[in-house]
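Quick note: the coordinates plus some simple rules give every number you see, no bench work behind them. Everything numeric here is computed off the predicted structure, so don't read it as measured data. Ideal geometry is used to build each Cβ from the backbone, glycine not excepted, and the neighbour counts take in all protein chains shown.
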Amino acid sequence: MRRAFGLVALVAVMVAGGACERPASQRAKSAFVVRPETVDFGPAALGHTKTFKLRIANAGRASYRVEGAVSSVPNVNIPPFEPFILSAGGEQDIEIHFLPQVEGEIQGVVEIITDAEVGGRVPVSGRGVKAFIEVSSEALDFGNVAMGLVEMREVTVRNPSDVDSSLTLSVQGADADQFTAGQGLPSSLAPGEALVVPVAYAPRRLGAAEAALHVVVCDGCAPVMVPLTGTGVASRLEVTPLRVDFGRVALGATAEQVITVRNQGTQPLSFSGSQLVDSSEGVFRIASEPVVANGQLAPGAAVELRVAFTPAAVGKVRDGRVEIGVREQGSSAPGPKVSLAGEGGGSCVTVLPRRLAFGTVAEGMTATRDVTVYNRCRADVSVTDLQLDTHQGGYFTLAQAPASVMVPAGQNARVSVTFRPKAGSTDASKGQLSVTVRDSGSAATEAVALEGRSRVFAPCQYVLPQQLDFGKVPVGAEVALGVTLRNSGTEACYLASMQLVQGSDRVFSASPVRNGVLEPGAKATLVVRFRPSEEGGFSGLAEAWVNSPTQGHPLVELQGEGVVGCFAVQPTTVDFGVTKLACGPRTRELVAVNSCVGPIQVSQVAIDAGAGEFTVDGGGNAPWTLASQSARALTATYAPVDDGADTAALRFTLADGSVYTVGMVGWGVTQAEQTDRFFQESQAKVDVLFVVDNSGSMMEEQQNLGQNFAAFLSAADGAAVDYRIGVTTTGLDPSPGGWSECPGGSQGGDNGRLFPVDGSRPRIITPATPDAAGVFASNTRVGVCHWNEQGLEAAYRALADPLLYNEDDPRTAQPNDGNAGFLREDARLAIIFVSDEEDFSAQPVSFYETYLLALKGNDRSKLSVNAIVGPSDLARCPTSSSSGTRYIQLAEATGGVVESICTPNWASSLEKLSDSTFGANRKFPLSETPEAPGSIVVDVDGVRVTSGWEYDARENAILFDRFTAPEAGSLVEVTYPLGCG
């Protein structure tokens, strides 16, 4: 706080000038406190180290420094630690070790070296005792043990003392029920007596087992633990897998998996089916199981049973178990048990479209359409099963063999389906494609409805160019031209497809034209793109399939040349996009550039014949000369007259006969309607930066922030968010000190570096961070030593060079104090400012908003700025020094949440911030401008949504209400008529 700093600075000047020093009774005092007040090790076995944790705390108002600790007792020592500062309310643990060498009591003190006014010495005591039991073995591994058998191992214990010693054994651990130790042994050992302790492993479950044998070696001493490990197997029986993990399954959906049981022996095994022995939540079931003849599983035979998981709530469920009734004949031994695990939540794999319509198809011909599997999971998935069922009408078949297809994380794969009408059929054909996707061992199946119609067509009459010449194109540039097939007859024509022929040079690419009906005069255009990778000529072939007995498969030759020269036209493809016929012409600029050392003469600029929708101004009056290092601007205009794709080639002919081609592409529509599709993120990634005020009045707020970490993570835990959380401060330069010191190694001058800069704790908190809440509480106690709050600048520096991607800040002496590893390109960025003072950063708020948006690719859905600051009405927040106007301005500009620093309920406020930071995405930006916002239609997972959202004209986006945002994994479809924007 600035006023507080001014007073302290004045006092500092008076002291420096010899003025009267403030009486000691009026100074802020530190208070050295330890918990507990004495260190009592109790009994400790000779030769074994016993550890005690001592907590040092500051119960005063002024900070103090802890330099180290020493012990007055030879066999009590304190491992070296880095000096640290305890600010008011701060705490830190240190370890004290006791390694007794002789029997008997020890007393002394541990002195904590500190500059606190009082305290520093802590009484210490302990007692060295001889261990009355010695243990010989360190670990027992039983290896693989067949189900129903028992494997034995031994541990030797000895009484080294000269008196009787009691023997206390126990087996503890997750699989303690499968191990047995020391049954029937005496409860004590005579002096010098040694005894072999038998340990047994009888696997009750297939798979690895772990436990530990605990042996008490002296009264009050920690027991010696002997690790026990083994693996239960079935020697005559193979059961795979031993554990079924369904992974995450969407609520309402059912995932199934197969358990295989195989008889690997030479004798038949009894098989009585299977049963669930643990499924208290009712989410697991046996979907199907085989019926075995005579109840016997023959040697070498295998059976499969299917188990299913249908989650009823979000989150992990308690494991279930299925017991398989297979055993040797005449045996009553229990059958093997397979564990079942699963988690309810949104699916990260989607199959689209849910309805595949082939339209009208000519009898005797086919149409092929694609179904796309979108993998938004973090791991690869595979399409393992494709099943086609025809319900009525024609024939639906797979265009390729139904092999397993791997879909990498974040990518998609296509499944092609072909429809062939049945001769004479007049009804609509219907079918279904079932797509099973497997993710990390779990499987989910989605269905796609199929439909198509049949029609008899007269032979198609058409016109189509025999060749498409791209001319000269600079290496690396792309030109788009069209192959147009026009119906020149008087009756409708059926077009099955248009596409590139396999074997065309890879520099050519095109999206196939799907099947359709061309009315007389109508056209279909295959847009072909040519991007030469090197100098030289290239060739390819385009093909079409139409209903004609003699000319049903026309071909078009493709050719182009890649060149490297000093003449170019930019852009090489002028794309006008979708244009409504009623909106009038669209214009685009292009420029001819001469980067040669001498002039270039352009002898002709012309558009190929038949491109009446396109015109160019500025290129006429050829020939004309383009001087060296100069350019000439031209204007292209697109005025569509009918629906469909339009293309044209603009040719620049030079004096030497070279022809350079510019492609022009547009799409005319009468009633333009756009559908934007979005996938609501599943298992989202979010990077969170807290910027915490480290001025003198922030102690209580820092503690409240740290103590409510669980509330802040409430939305993250519910959605299984992959988060990274870092903290920095509003301080840029180190504090001059004088009244309080800041921890972390920078004396309050973090300058955007993540706290603590000395790396004494993790600086980036993730879901895998041990004791994340404790680390966050410590990291938000940044101290109260500063006065110049520059939170916006601190956030900017934290996310800018040189800190952003460097492990070390080259400007400082501290090692590894950069912020590398915090920001991820594909993650949302949330910034949270916590301050009771206005921001005094140098730049205007618009500077920081512009930078942060650019950092996330100008995608506002990827950025959220939130603030817990002084409100505009300070009458409701008397403890705040001023309103956080600049923080509020930035938060409101990015759609963030603003809470008062005087909030009476920090948990509630942080839950709101949690929803804003980690909650489901609520904003979906549209790709085009709607003609009429009232005509916008929103569907979520195929269901029309009429409320809970609004159109934000400023953002040109659909904004859902906070409590109606689509769930993770949902498909959001927004359909609207296009405007003329």
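List of remarks:
- Estimated dipole of the stretch 134-233 in Debye, rounded to 20 [Cβ of Lys and Arg +1, of Asp and Glu -1, Cα centre]: 340 debye
- Helix 845-855 axis, angle to the chain major axis (alpha carbon atoms, nearest 10°): 80 degrees
- Per-selection metrics, the stretch 134-233 (Cα): Rg and Dmax in Å: 14.1, 46
- Under 19 Å from the Cα of Lys580 - aspartates and glutamates, other chains or at least 8 residues apart: Glu613, Asp642, Asp643, Asp646, Glu673, Asp676, Glu928, Glu931
- Bins of 5 Å, starting at 0 and running to the largest distance - Cα pair percent for the stretch 237-344: 2, 13, 24, 22, 15, 11, 7, 4, 1, 0
- In the chain, the DSSP-assigned H stretches of four residues or longer account for a calculated mean residue ellipticity at 222 nm of -2500 deg cm²/dmol, using -39500 (n - 2.57) per stretch and the full residue count as denominator.
- R0 of 35 Å, Cβ-Cβ distance Glu825-Ala458: FRET efficiency to nearest 0.05: 0.05
- Formal net charge of residues neighbouring Val659 (Cβ-Cβ distance under 12 Å; K, R +1; D, E -1): -2
- Ala190 versus Asp656: modelled label distance in nm, points set 7 Å from Cα along the beta carbon direction: 11.1 nm
- Ordering Ala312, Gly452, Ile56 by Cα displacement along the dipole of the chain toward the positive end leaves Gly452 in first place; charges were set at the Cβ atoms of Lys, Arg (+1) and Asp, Glu (-1).
- Between 0 and 90 degrees, the angle of helix 906-918 with respect to the longest Cα principal axis of the chain falls at about 40 degrees.
- For the chain: relative contact order, % (alpha-carbon pairs under 8 angstrom, 6 or more apart): 7 percent
- Bridgeable lysines around Lys472 (alpha carbons under 29 Å apart, same-chain partners fewer than 8 residues away excluded): Lys523.
- In this structure, the pairs whose alpha-carbon distance is over 28 Å, taken from Lys316/Lys337; Lys430/Lys923; Lys53/Lys912; Lys337/Lys685; Lys685/Lys923; Lys53/Lys130, are Lys430/Lys923; Lys53/Lys912; Lys337/Lys685.
- Selection from Ser630, Leu213, Ser881, by position along the positive dipole direction of the chain (Cβ): Ser630
- Here the simple spin-label model places points 7 Å from the Cα toward Cβ, and for His48 and Val937 these points are separated by 7.6 nm.
- The orientation-averaged shadow of the Cα convex hull for the chain, equal to a quarter of the hull surface, comes to 58.2 nm².
- Only the Cβ atoms of Lys and Arg (+1) and of Asp and Glu (-1) were treated as charged; on that basis the dipole of the chain about its Cα centre amounts to roughly 1220 debye.
- For the stretch 31-129, the dipole from Cβ point charges (+1 on Lys and Arg, -1 on Asp and Glu) about the Cα centre works out to 140 debye, to the nearest 20.
- Label-point gap, in nm, between Arg65 and Ala631 - each point 7 angstrom along Cα→Cβ: 6.1 nm
- The residue list Leu959, Gly696, Val974 was ranked by how far each Cα lies along the charge dipole of the chain toward its positive end, using unit charges on Cβ atoms, and Val974 comes out on top.
- The aspartates and glutamates within cross-link reach of Lys856, meaning a Cα-to-Cα straight distance under 14 Å and a gap of 8 or more places when in the same chain, are Asp687, Glu825, Asp826.
- Full extension of the chain between Asp575 and Gln707 yields a length gain of 41.9 nm, computed as 0.36 nm times the residue separation minus the alpha carbon distance.
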